[in-house]
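Worksheet: the structure to be examined is printed underneath.
Every number here is computed from the coordinates shown, using simple stated rules; none is lab data. The structure presented is a predicted model; accordingly, all values stated were derived computationally and were not measured. Because the Cβ atoms are built from the backbone with ideal geometry, glycine has one as well, and the counts that use them run over all protein chains shown.
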Amino acid sequence: MGDPKKMKKHYESPKKPLERSRLEEERKIVTEYGIRRKKEIRRLETIIRDLRRRARTLIATKDEKESKILIEKVIKMGLLAKSNPVLEDILGIELKDILERRLQMLIVKKGLANTVLQARQFITHGHITVDGQKIISPNYIVTMAEESGIVFRPTSSLNATFKRVEKREDREKREAKEALEKKARETTDKKEAQLAEIVDEEAIKEVESDIV
């Protein structure tokens with residue numbers, strides 16, 4: 001039965017964990033997605049591997065009922081965005097697709113954290129709830145239905161103290177938009193002024209013609 005105190009491993013280890021290309025790719029993922037432990041990546045890879053394995057089996061057996069259930073499950077996970085997906089689309093799911101569905105990443109996208117590392121800290125310290133349930137795992141996969149329910153815990157001090165830092169690209173977009181709006185207003189004002197001058201000139205001509 002095994003040692004009850006020893007937790008069961010819920011992921012598969014790669015066949016070549018020390019392969020140079022794999023190590024470089026994992027280093028990029030760790031930096032971009034704020035991952036602390038390689039086993040977090042392993043668990044996500046295992047989820048994708050299981051989905052692909054199940055899809056290949058259903059493609060071979062042509063079980064329509066089970067195929068529909070699997071496709072609906074993957075859609076709910078937010079891993080298939082295209083309309084009318086088929087089993088073959090599941091085979092094309094990549095690691096990046098599921099990394100983007102992690103709670104840690106979605107918190108940053110929703111503006112509840114300024115960086116992925118800050119998002120991880122907020123989660124592990126118990127500041128985040130999903131549909132009213134406190135989640136302390138940054139690797140938690142958020143379903144499409146749960147995404148709108150990601151908020152700070154009602155009793156969290158961050159509700160009053162957290163301030164979002166505007167990203168550089170967001171600031172540049174906002175400033176460009178404001179510049180265009182300002183230019184449009186100036187153009188409108190100039191046209192209105194020119195139109196007013198034309199009206200005044202015509203009014204003067206009418207008065208002069210009446211006098212004559």
In the structure displayed, which of Lys82/Lys177; Lys39/Lys76; Lys109/Lys177; Lys39/Lys73 lie more than 27 Å apart, Cα to Cα? Lys82/Lys177
Can you list residues whose amide H is under 5 Å from Ile128's amide H, if they're 5+ apart or on another chain and H is modeled 1.01 Å from N? Ile135, Arg153
Could you give the nm distance between label points at Glu19 and Leu180, where each point is 7 Å from its Cα heading toward the beta carbon? 4.5 nm
Calculated FRET efficiency, Thr61 and Lys82, Cβ-Cβ r, R0 25 Å, to nearest 0.05? 0.60
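Over 29 Å between Cα atoms, which of Lys28/Lys110; Lys96/Lys134; Lys28/Lys65; Lys110/Lys183 qualify? Spell out each step's value before the answer.
Numbers: Lys28/Lys110 23 Å; Lys96/Lys134 25 Å; Lys28/Lys65 39 Å; Lys110/Lys183 31 Å.
Cα-Cα > 29 Å for Lys28/Lys65; Lys110/Lys183; rest within.
What ranking do Lys76, Lys38 get, fewest neighbouring Cβ atoms within 10 angstrom at the top? Please report the intermediate quantities before stating the final value.
Working: Lys76 13, Lys38 16.
The most exposed by this proxy come first: Lys76, Lys38.
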Please compute the modelled spin-label separation between Asp50 and His125, points set 7 Å along Cα→Cβ, answer in nm with one decimal. 3.2 nm
